[in-house]
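Q: Take a look at this one; I'll ask things after.
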Amino acid sequence: MSIPTAPGAMTPDWLGAVLGHPGQLRGFTAAKVGTGQMCDSFRLTLDWADGVRGPTSVIAKCPSHDEASRHIARLTGTYVKEVSWYREFAADSGVAAPHCYHAEIAGNDVDFILILADLAPARQGDQLAGIDAAGLTPCIDAAAALHALLWNDPRLGTLPWLARDNGDVVRALFPQLYAGFRERYAARLAPAVLDLGAGIVARLDRYLAREPAARTIVHGDLRIDNILFAPHGDACWLVDWQTLGRGSGAADLAYLVGTGIADPAERAAADRPAFDRWIAALRRRGIAPDPDALWTDYRVGALSGYFMAVFASMSVERTPRGDEMFALMAERPARQALDLGSLDLL
């Protein structure tokens, strides 16, 4: 059987088997969930035979219905990275992430399926509304758990899907994508925010070639839209592992803070305390970080949210929510980068 890349291609026999109860699933219903533009996700509500103690629902993650999104995913290895994360690391990582029942991808690097635990009533973060500094506390701890996993670890260079270098693709595409981004958002974003992108283009080679103070595994798109929060906000789970790579954990953290906190004054007040909490969390996990060098990484990392906003907004299916989300994803970290003097460090 070929990989079922949408609920309509799945059968109860196939789904029951991958969930460990072959021949025991009578049927299921599917409903779209999430706001992701690179993949499509569905909640599958399951009807088990009497006496079967299987999950009542699961999440199926599939390739995007949008051809442009699938193309960029193939080009950058996006789907390969997420499937590989669940296959090779998630279960034993100690990182707060959904349990994976099944992960499969075809040789074309596009057709894939993930069957994940449904973490409801956990809620997805709201990128448009943002979050306050206190709400980020469990996210900072979860990020530290991820970053401690391969801190300066030789395996960073031996895993093909993680070591994949998209620098040439990014170097070729970013200037033209920025030109389109600037035109699209000329009436929405302030000149200083738009001009930051021109500064990145002018320093693009230095930005892409910069070596971090410590190299580790990074989420790459660590924002609250990609985090599920427990009902009371005291715990969280990281999701959407499509941008995994090697880089600076401090940059991952700056991205989280810079894109997540809506109020510029509150964000400015949160930068250093969030960083200090992350450093303390790393130390609890046996890492001996260099705070001064990593603070420089954090300051440079403030550019990463803006960078992602430009690259992603011009590469995936366009939607009204997406337009505003990407505007905010550029605006908030742009203010952060300007406050921290990020371009001056390149």
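The values are calculated or read from the model by the stated rules, or taken from the named source; none is laboratory data. The model shown is predicted, which means the values in this text are computed figures rather than measured ones. With ideal geometry, Cβ positions are generated from the backbone for all residues, glycine too; neighbour counts draw on all protein chains shown. Ligands, DNA and RNA are stripped out before the accessible areas are found, and what is left, the full protein with its side chains, is counted by its heavy atoms. Shrake-Rupley method; radii C 1.70, N 1.55, O 1.52, S 1.80 Å.
Q: Do we find a residue being within 19 Å of ALA9 (Cβ to Cβ) and either among the small types (Gly, Ala, Ser) or surrounded by 18 or more Cβ atoms within 10 Å (Cβ to Cβ) (or both) anywhere in region 115-134?
A: Start the filter on region 115-134 by keeping residues that are within 19 Å of ALA9 (Cβ to Cβ), which leaves 115-116.
Then drop every residue that is not either among the small types (Gly, Ala, Ser) or surrounded by 18 or more Cβ atoms within 10 Å (Cβ to Cβ) (or both), which leaves 115-116.
Checking region 115-134: at least one residue is within 19 Å of ALA9 (Cβ to Cβ) and either among the small types (Gly, Ala, Ser) or surrounded by 18 or more Cβ atoms within 10 Å (Cβ to Cβ) (or both).
Q: A further question on this structure: Restricting region 336-346 to residues that are more than 21 Å from the chain's Cα centre (by Cα) and assigned to a helix (DSSP H, G or I), which is surrounded by the fewest Cβ atoms within 10 Å (Cβ to Cβ)? Write out each step before concluding.
A: Keep residues of region 336-346 that are more than 21 Å from the chain's Cα centre (by Cα), which gives 338-346.
Retained after the next criterion (residues that are assigned to a helix (DSSP H, G or I)): 338-340, 343-345.
Working: LEU338: 17, ASP339: 15, LEU340: 23, LEU343: 19, ASP344: 11, LEU345: 17.
Per the criteria, the residue is ASP344.
Q: Given (1) on the phi > 0 side of the Ramachandran plot; (2) surrounded by 22 or more Cβ atoms within 10 Å (Cβ to Cβ); (3) among the small types (Gly, Ala, Ser), where does ALA330 come up short, assuming only one miss?
A: (1)
Q: Looking at (1) modelled with pLDDT of 95 or more; (2) outside any helix (DSSP H, G or I); (3) open to solvent by less than 50 Å² (accessible area, probe 1.4 Å), find the lone condition where GLY301 falls short.
A: (2)
Q: For region 159-183, how many residues meet the condition of being touching an Asp or Glu at 6+ places or on another chain (Cβ under 8 Å) and either open to solvent by less than 20 Å² (accessible area, probe 1.4 Å) or of a type in the set (Val, Ile, Thr) (or both)?
A: Taking region 159-183 first, the residues touching an Asp or Glu at 6+ places or on another chain (Cβ under 8 Å) are 159, 171.
From the residues that got through so far, the ones that are either open to solvent by less than 20 Å² (accessible area, probe 1.4 Å) or of a type in the set (Val, Ile, Thr) (or both) too are none.
Residues flagged as touching an Asp or Glu at 6+ places or on another chain (Cβ under 8 Å) and either open to solvent by less than 20 Å² (accessible area, probe 1.4 Å) or of a type in the set (Val, Ile, Thr) (or both) within region 159-183 amount to 0.
Q: To continue, here is another question. Six or more apart or on different chains, Cβ atoms under 9 Å: show the pairs whose first residue is in region 313-326 and open to solvent by 50 Å² or more (accessible area, probe 1.4 Å) and whose second is of a type in the set (Asp, Glu) and in a loop (DSSP other than H, G, I, E, B).
A: If the second residue must be of a type in the set (Asp, Glu) and in a loop (DSSP other than H, G, I, E, B), the pairs left are GLU317/ASP66.
Q: If you check LEU177, LEU128, LEU173, LEU156, which single one turns out to be in contact with a strand residue (DSSP E or B) (Cβ under 8 Å, 6 or more places away or on another chain) and among the aliphatic types (A, V, I, L, M)?
A: None of the other options fit; the residue is LEU156.
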